[in-house]
Amino acid sequence: MRHFRPSASGFAIAVILALLPLVPENVVHADMSEPLETRLVPEVVQSLFPGADGIGAVVGEPPIAPVLAGDETIGYLFSTHETVRPSGFSGASFDIVVGLDIEGFIIGHRILEEHEPMIADSIVSHATIDKFLSRLHGTNVRAMRRLVLRQVDALTGATVSAKAFATGVTNAATVAGYRLGMIDDTSGGLAINRYDFEARGWSDLIADGSVRTLSLTYRDVRDAFAQQLGRSAGPDVVMGPDDEMFITFYVALATPPTIGANLIGPRAYQRMTQNANPRAHYIVIASAGKYDWKPAKHWGIPVVTSVSIVQNGKSMPQQPAYFDPLSRLAARDAPPVSTVARFSLPPRFAFNATEPWTVKLHLNEQEMPGMRPRRVDFDLPYRIPAAYVDGSDYALEEAGFRAPTHVAFGLLRESKLTDWQRTWVEKRWDIIALAGLLAAVSFAVIWQSWLSRSERRRVVVRYGLLTLTLVWLGWLAGGQLTIVSVTNYAWVLVAGLDWSTILHDPLLLILSVYVVVSLVLWGRGVFCGWLCPFGALQEILNKLGAALHVPQIAIPALLNRRLRLAKYGIAAVLVGLAAFSLPHALVAMEVEPFKTVMTAKFDRSWPYVFYACALLFAGLFVERFFCRYLCPLGAVLAVAGKLRLVNVLKRRAECGSPCRLCERRCPIDAIEPNGRINTAECFYCLDCQVLYYDEHACPPLVRDPNRRAQKLTHRQSDLERVPIP
């Protein structure tokens, strides 16, 4: 009769197969490898453009599909996948279709395909991601501001994916804006807001600088002529008493709807702009007082000479075709005026509405026989208020519309930070806390000889740090390193993907770098034994169970060795799947319960919760059950840990023969019968080190008083370099 002998590879395959029925909750219904027109099915088009009849011919690179209502184009559709080839946390591209209307506004989006491991209905749902991305709706591509993303609680666990999605949408919209000719870069990254309207009264427009004024009395005019041309000079106009008002001059840039539509009225503003060049600008000049600067018959003169518009030393010629007298100011509570006119500035004038400019009122000198008339100019400088200018924070600051803001104790200018750098600044306190945790763990490992000389000291330090790892790092900060993280880093290296995606999660990146360093120095045990939140949860629950007299099951040595190999089989299967099919690999990676326990905090569908709870239940009887037998991340780290340089765990010549006390007391059976510590399985719990220094428990010390005395006078080095087996 043959006896059943469990196979590690068979056990690994059984675990993977058991997980396959747990279909991921973000099932993909589209294939981004298909052409864009194939993916833009009527349901997708209608969801973004209700009432559309369909799409036109998809042409160009990247492809953009015009959306039609009858024969009229009402908008455009394009995908992040073809437009910018983005990458998410998983390293894979994602397919988000973006809708753009003919005015350049983002009107909506539709996620067709993504392979992000943390986006699922029971973790961070598509509805939550859609709500986050809807913050981009209504943004105009002509003035696409840098998106400053703030982490919200609902996105905890999928922050990197959410930011990658938002960046992909904004970048794709910008590319489409250039392709469609909607974006103009002639203003240094700034643009006048031509789209937003807010009802404002005259006093509001005066208060915020939208309308600038210049008041001149007759005395002001006389003094100006006397100062510039001599005391005998005077203007070629009828002059009145010194204290009477000569003119009150009003000037405004009427291009923004909030200024223009309020000043001249909504209908007049619509008539002015509807058939005009979209890059043209408009200036309204009005005045009150006895002086009338408007030509009596402006259509019969080659150019208006009484006023001029000057920018950077260049005068804009005001030909009659660009001069339009108006009857009144339409703004609420506007003062009575005697003259109102609108000046148009076509693109060929190269007028930059975001830079300062000046309106000059020209008064000619009285004609003198035999002398050429001279003139005196009265300047009214103008610059559009910052509220009407769109652009990145950096461009606004460089143009003087906004004062620079500094962060990180005043060392960094916030507007010059990239998205991932902003994330690091936002999470600076978490980064500091993680640095403190890593320093504490490093201290515990480096000075383990001091820590292990007192069992009470070891327990307080170890379980204090494990509690911090579980509660803060795992549940609050979302710092659970997973096999998905390792796969993502591998994809970035192999496929040459954008590193900025990884940089969006500073805690995982810092933790990953520390793990690599600790692997080289000490092996797997530092991370698995001290910094893995799920491992900490297992150990804490096991110790609590033992305190409540939950029986501890001793796994036979042969079975234990075979079960250990299962995690290597699982890791091999996952690596193989990731090489050929990342979506299937992400499904199989549910063998790790980290997403359920740490990210979702058990708020998932019952199969996932049942699986996680089953592992934790098994861990009550067998300490660190999952870590020892199933964890693929632990397997990868164990293999990499073979390269360690330093061994800080002390052994004696008597360890294994004749003394086997440490072997019997090791809670995870990481000590071989010959006394050697299997560092691929050791979690650095330091139980054996407490025995090593215990004069009353370590048999070699108990039997040999001389060695005990020698031990007290000659401390061994905390770090013992040993050759790597």
Conditions: (1) more than 28 Å from the chain's Cα centre (by Cα); (2) surrounded by 22 or more Cβ atoms within 10 Å (Cβ to Cβ). Pro86 meets all but one. Number of the miss? (1)
Got a sec? Which helices (runs of 4 or more DSSP H) wholly within segment 432-506 have at least 2 residues that are polar (S, T, N, Q) and farther than 22 Å from Ala536 by Cβ? 483-495, 500-503
Only residues that are hydroxyl-bearing (Ser, Thr, Tyr) and within 36 Å of the chain's Cα centre (by Cα): list them for segment 250-284, please. Thr255, Thr258
State the number of residues belonging to segment 344-388 that are of a type in the set (Asp, Glu), under 20 Å from Ser306 (Cα atoms) and not in a strand (DSSP E or B). 1
Criterion: closer than 27 Å to Tyr684 by Cα and at pLDDT below 95 - qualifying residue of Pro556, Pro607: Pro556
Residue count, segment 534-580 (criterion: within 21 Å of Phe621 (Cβ to Cβ), in a helix (DSSP H, G or I) and not hydrophobic (A, V, I, L, M, F, W, C)): 11
Number of positions in segment 45-93 that are in a loop (DSSP other than H, G, I, E, B) and among the aliphatic types (A, V, I, L, M): 4
Which of the following residues is surrounded by fewer than 18 Cβ atoms within 10 Å (Cβ to Cβ), outside the structural domain of Ser308 (by TED's automatic domain parsing) and more than 23 Å from Ser210 (Cα to Cα): Leu411, Leu417? Leu411
Flagged in segment 581-614 as part of a helix (DSSP H, G or I) and free of Cβ contacts under 8 Å to residues at least 60 places away in the same chain, in numbering order, are His584, Thr596, Trp606, Val609, Phe610, Ala612, Cys613, Ala614
Selection from segment 527-564 of residues that are in contact with a Leu (Cβ under 8 Å, 6 or more places away or on another chain) and among the β-branched types (Val, Ile, Thr): Ile540, Val550, Ile555
Looking at Trp429, is it assigned to a helix (DSSP H, G or I) and either of a type in the set (Asp, Glu) or in contact with a helix residue (DSSP H, G or I) (Cβ under 7 Å, 6 or more places away or on another chain) (or both)? no
Check on Ala334, outside any strand (DSSP E or B) and in the same structural domain as Arg200 (by TED's automatic domain parsing): yes
Please indicate, with yes or no, whether at least one residue in segment 626-644 is surrounded by fewer than 19 Cβ atoms within 10 Å (Cβ to Cβ) and in contact with a Leu (Cβ under 6 Å, 6 or more places away or on another chain). yes
Is it the case that segment 103-117 has a residue that's free of Cβ contacts under 8 Å to residues at least 12 places away in the same chain and either among the charged types (D, E, K, R) or buried (at least 22 other Cβ atoms within 10 Å of the Cβ) (or both)? no
Flag if Val340 is assigned to a strand (DSSP E or B) and within 23 Å of Pro266 (Cβ to Cβ): yes
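The values are calculated or read from the model by the stated rules, or taken from the named source; none is laboratory data. Being a predicted model, the structure only gives us computed values, none of them experimental. Neighbour counts run over all protein chains shown; Cβ positions are idealised from the backbone, glycine included.
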